[in-house]
Amino acid sequence: MSRAATAEAEETLQRTFAALGDPTRRAVLRLLGPGPRRAGELAEALAMDPATLSRHLRVLRHSGLIADDEPEHDARVRLYRLRPEALAPLRGWLDEVEAFWGDQLQALRQHALRRAVARKR
């Protein structure tokens, strides 16, 4: 991976972590899991005023975790939907971390077994 691609991937991951760091934004993602919803529905479900929710939605859009669409029948309505593919960089990072720690724990286990065998001698 080139430096530019690595830097871009890191920036994407940073935006994702920043967006997911707030419990309200995680709640929005949970609400969008079953399907698209209007901002008013989200605000009502979270007992939040629309202006505050709007700031959270902006962060989530900027991170790429959600998208907004206008239904064909009514341009005044915006539907927000989850973009599950935007979680792929996070999944990749978690897989790397899990593999690293899995290897480390396996090495520790092998070391402990060797020491136990050596003590028995």
Complete set of residues in segment 1-14 that are touching a residue at least 12 places away in the same chain (Cβ under 8 Å) and either exposed (fewer than 13 other Cβ atoms within 10 Å of the Cβ) or polar (S, T, N, Q) (or both) | Thr12
Output for Cβ contacts, cut-off 6 Å, separation at least six or different chains, first residue closer than 14 Å to Arg55 by Cα in segment 15-36, second part of a helix (DSSP H, G or I) and of a type in the set (Val, Ile, Thr), reads Ala19/Val59
By residue number, the members of segment 1-31 that are at pLDDT 85 or above, small (Gly, Ala, Ser) and assigned to a helix (DSSP H, G or I) are Ala18, Ala19, Ala27
Between a first residue in segment 90-117 that is surrounded by 10 or more Cβ atoms within 10 Å (Cβ to Cβ) and a second residue that is assigned to a helix (DSSP H, G or I) and at pLDDT 75 or above, which pairs have beta carbons less than 6 Å apart while being 6 or more apart in sequence or on different chains?
-> Leu90/Thr16; Trp93/Leu13
Residues being at pLDDT below 80 and of a type in the set (D, E, K, R) - total across segment 96-116 = 1
Only one of these conditions is not met by Arg81: (1) outside any helix (DSSP H, G or I); (2) exposed (fewer than 10 other Cβ atoms within 10 Å of the Cβ). Which number is it?
-> (2)
Could you run through segment 15-34 and say how many residues are under 10 Å from the mean Cα position of the chain (by Cα) and not basic (Lys, Arg)?
-> 7
Kindly establish whether Arg83 is touching a strand residue (DSSP E or B) at 6+ places or on another chain (Cβ under 6 Å) and without any contact (Cβ under 8 Å) to a residue 60 or more places away in the chain.
-> yes
Looking at segment 64-95, which of the residues that are touching a Phe, Trp or Tyr at 6+ places or on another chain (Cβ under 9 Å) and at pLDDT 80 or above is farthest from Leu20 (Cα to Cα)?
-> Asp69
Which of the residues belonging to segment 27-72 are surrounded by fewer than 18 Cβ atoms within 10 Å (Cβ to Cβ), in contact with a Ser or Thr (Cβ under 7 Å, 6 or more places away or on another chain) and among the polar types (S, T, N, Q)?
-> none
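The values are calculated or read from the model by the stated rules, or taken from the named source; none is laboratory data. Please read these numbers as outputs of a predicted model, since none were measured by experiment. Here Cβ is always computed from backbone atoms with ideal geometry, including for glycine, and neighbour counts include all displayed protein chains.
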